[in-house]
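Have a look at the structure below, then the notes.
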Ligand SMILES: Cc1cc2nc3c(=O)[nH]c(=O)nc-3n(C[C@H](O)[C@H](O)[C@H](O)COP(=O)(O)O)c2cc1C
């Protein structure tokens, strides 16, 4: 290229830059920009998609707790680290607790969104205390009211029709977190007292699948969806039938996601309410069965 051609090329490049309205960046500046960009990690656990839907509004690539637990190391560092999970009996699912206990987390801003369906009671304070006991301090903990997937008490067809102002409340949470707000939702005990809560938690966290579940005669097509959505690999195929045993999260992923509605809660008996509507099941409308499988499969 002669001098005249070189000046022409430079001129064209400059014109292109001016037309595009920005100055060319050096490689070092691009790297500096990238380093400045905030890094946010969001961990989630879900059975019916509410918590996954929320986690996806907070980051493009949320990390499933049951999948992370399969890895070794569990050391995470970011500008912001968040947790999204369902409220179980005014506390956290066992698998979420296990992850919090095992993980090494380093971030200057830590937040949690706890999805719940009816009464959050003291779940934010409970999680705050629990995390602190395990060396983790959250700056922001907020429960978010969504569809209640607790089958012993609620009919999913009725739940789906209710307007719980989830979108507005979620928008407020997203902007709180963007502003790095410090806030832990105060307790609202309502008609609960400590003793009732403890009773509820004892019943919940001692649950086993064999006490909880039943297979409806003639419905199971052995697709093994129950096995695929179970975070504890509780289901297996034995003697030409689905079998379950062992550790149960009581998350109800197997029951809600069974395409045949073949899995049901055992019928009402003393001390056990059965379920409100065995023909009504729930999964968040923006979450697919494949999403739940990818989140929980062991
Ligand atoms: C076993 C169990 C216990 C629950 N306990 C409560 C509770 O104490 N208070 C409440 O408001 N919702 C409770 N829920 C409802 C869930 O927290 C709520 O529907 C949640 O958004 C489900 O999230 P997911 O779709 O991500 O699984 C419970 C649900 C289950 C399955």
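Read-outs throughout are calculated quantities, based only on the coordinates presented, and are distinct from any laboratory measurement. All figures in this text were calculated on a predicted structure; none of them were measured in a lab. We place every Cβ from the backbone using ideal geometry, glycine too, and count neighbours over all the protein chains shown.
Which distance in Å, rounded to a whole number, links the C-alpha centroids of the stretch 45-117 and the stretch 165-218?
14 Å
Going by average Cβ density within 10 Å per residue, which order do the peptides 237-243, 97-103 take, highest to lowest? Don't jump to the answer; show the numbers that get you there.
Numbers: 237-243: 11.4, 97-103: 17.0.
Averaged packing, sorted descending, gives the order 97-103, 237-243.
Please work out the FRET efficiency for the pair residue 163 and residue 187, using the Cβ-Cβ distance as r and a Förster radius of 22 Å; give the result to the nearest 0.05.
On the way: r = 25 Å, r/R0 = 1.15.
My answer for the efficiency is 0.30.
Length gain on complete extension for the stretch residue 74 to residue 298, per 0.36 nm per residue less the alpha carbon to alpha carbon distance?
Extra length available between residue 74 and residue 298 comes to 78.9 nm.
Classify the stretch 207-296 as rounded, prolate or oblate from the Cα gyration tensor: take a ≥ b ≥ c as the square roots of its eigenvalues, call it rounded if a/c is under 1.5, otherwise prolate when a/b beats b/c and oblate if not. Spell out each step's value before the answer.
Numbers: a/c = 1.40, a/b = 1.18, b/c = 1.19.
Rounded.
Roughly what % of DSSP beta bridges within the stretch 79-230 run antiparallel, to the nearest 5?
On the way: 1 of 16 bridges.
Restricted to the stretch 79-230, the bridges split so that about 5 percent are antiparallel.
Subtracting the Cα-Cα distance from 0.36 nm times the residue separation, let me have the gained length for residue 247 to residue 196 in nm, one decimal. Before the final figure, lay out each step's value.
On the way: separation 51, 0.36 × 51 = 18.36 nm, distance 2.42 nm.
Extending this stretch completely gives an extra 15.9 nm.
Determine, for each peptide in 127-137, 244-254, 68-78, the mean count of other beta carbons within 10 angstrom over its residues, then list the peptides with the highest first. Working shown, then result.
On the way: 127-137: 15.1, 244-254: 20.4, 68-78: 12.0.
In descending order of packing, they fall as 244-254, 127-137, 68-78.
Suppose each label sits 7 Å from its Cα in the direction of the beta carbon; what would the residue 133-residue 286 distance come out to in nanometres?
According to this spin-label approximation, the distance is 3.4 nm.
Classify the stretch 134-213 from the C-alpha gyration tensor, please: rounded if a/c falls under 1.5, else prolate or oblate depending on whether a/b exceeds b/c. Present the calculation step by step, with values, prior to reporting the outcome.
Details: a/c = 2.11, a/b = 1.32, b/c = 1.60.
Taking the square roots of the gyration eigenvalues as a ≥ b ≥ c, the stretch 134-213 is oblate.
Between rounded, prolate and oblate, where does the stretch 68-213 land on the alpha carbon gyration tensor, with a ≥ b ≥ c its root eigenvalues, rounded for a/c under 1.5, else prolate if a/b exceeds b/c?
Working: a/c = 1.65, a/b = 1.23, b/c = 1.34.
Judged from the Cα gyration tensor, the stretch 68-213 comes out oblate (a/c at least 1.5, b/c at or above a/b).
Measure nothing but the geometry: give the 0 to 90° angle between the long axis through the Cα atoms of 27-36 and the longest principal axis through the Cα atoms of the chain, rounded to 10°.
30 degrees
Tell me what the chain gives for mean residue ellipticity at 222 nm when only DSSP H runs of n ≥ 4 count, each as -39,500 (n - 2.57), the sum divided by the residue total, rounded to 500 deg cm²/dmol.
Working: 13 runs with 114 residues, N = 298.
Rounded to the nearest 500, it is -10500 deg cm²/dmol.
Any chance you could run the full-extension gain for residue 260 through residue 180? It's 0.36 nm times the residue separation minus the Cα-Cα distance, nm to one decimal.
Numbers: separation 80, 0.36 × 80 = 28.80 nm, distance 4.41 nm.
Difference between extended and current length: 24.4 nm.
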